Structures are given as C-alpha cells and as structure tokens.
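Some notes on the structure that comes next.
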Amino acid sequence: MRSAGMVGLGFDRAAGLLASGLRARIACVVTDLHMPEMTGLELQSELARQGWTQPVILIDRLIPPPPRARRQRLVVRRPFSPSR
C-alpha cells in the first residue's frame, strides 16, 4: 500500500470507524467478518445505511471459500502476510 502512496488506518472496533469522521478520506474498507460488538456484515450494512459508497472487502479466516471463489480469487483468507 505504501509503495502506491496509500496509508492504512486501523480501528479496534467498527464503532471507531463509524465515529472517526474520516469518511471523505477513506477509499476502501477492509474488515473481518468476526469482530466484537458488530460483525463485518453489520458494519457493511451500517455503512450503506449512512450513505458510504466506498467498497467494502470482507475477510474471513473461519469459513473456507467456495470452489468458484477460489478460482476467481474473490476471497481473501486470513491470516495473510503482506510480503506475499
């Protein structure tokens, strides 16, 4: 990301993102499906309800992706290494 001029922001809870006031500066949201207090799907729904148009990428380490998704590389599996 850094080599492309992007900066990553981290939030320990979905509520932190929602309350951050950084909506205009965020180009994409990457979130885990299994978070405390609000799941990734609930966060995606809340972002849509609030009018966010940024893409949301959901990652999951617990459920294996379906064969079609594996072929199309649509699913990001956790844990992942930034060096790969």
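Whose amide H sits under 5 Å from the amide H of Ile59, counting only residues 5 or more places off or on another chain, with H placed in the peptide plane?
Thr31, Asp32, Leu33
Got a number for the accessible area of Met6? Probe 1.4 Å, square angstrom, nearest 10.
Per-residue accessible area (Met6): approximately 100 Å².
Taking 0.36 nm per intervening residue step and subtracting the Cα-Cα distance, what contour gain separates Glu46 from Arg13 on full extension? Don't skip to the end; give the middle numbers.
Numbers: separation 33, 0.36 × 33 = 11.88 nm, distance 1.34 nm.
Working it through step by step, the gained length comes to 10.5 nm.
Using θ = phi - 60° and the Karplus form 6.51 cos²θ - 1.76 cosθ + 1.60, what ³J(HN,Hα) does each residue of region 36-43 get, whole Hz, x for Gly and Pro?
x, 6, 8, 6, x, 5, 5, 5
Once phi is turned into θ = phi - 60°, what whole-Hz ³J(HN,Hα) does the Karplus curve with 6.51, -1.76 and 1.60 give for every residue of region 26-33, x standing for Gly and Pro?
Taking θ as phi minus 60°, the curve returns 9, 8, 7, 10, 10, 9, 7, 5 Hz for region 26-33.
From the protein chains alone at 1.4 Å, what is the descending order of accessible area for Glu37, Glu42, largest first? All intermediate terms of the calculation are to be shown ahead of the outcome.
On the way: Glu37 155, Glu42 95 Å².
Listed by decreasing accessible area, they come as Glu37, Glu42.
The values are calculated or read from the model by the stated rules, or taken from the named source; none is laboratory data. These numbers were taken from a predicted model, which means no experiment stands behind them. Surface accessibility is based on the protein's heavy atoms, side chains included, excluding ligands, DNA and RNA. Shrake-Rupley method; radii C 1.70, N 1.55, O 1.52, S 1.80 Å.
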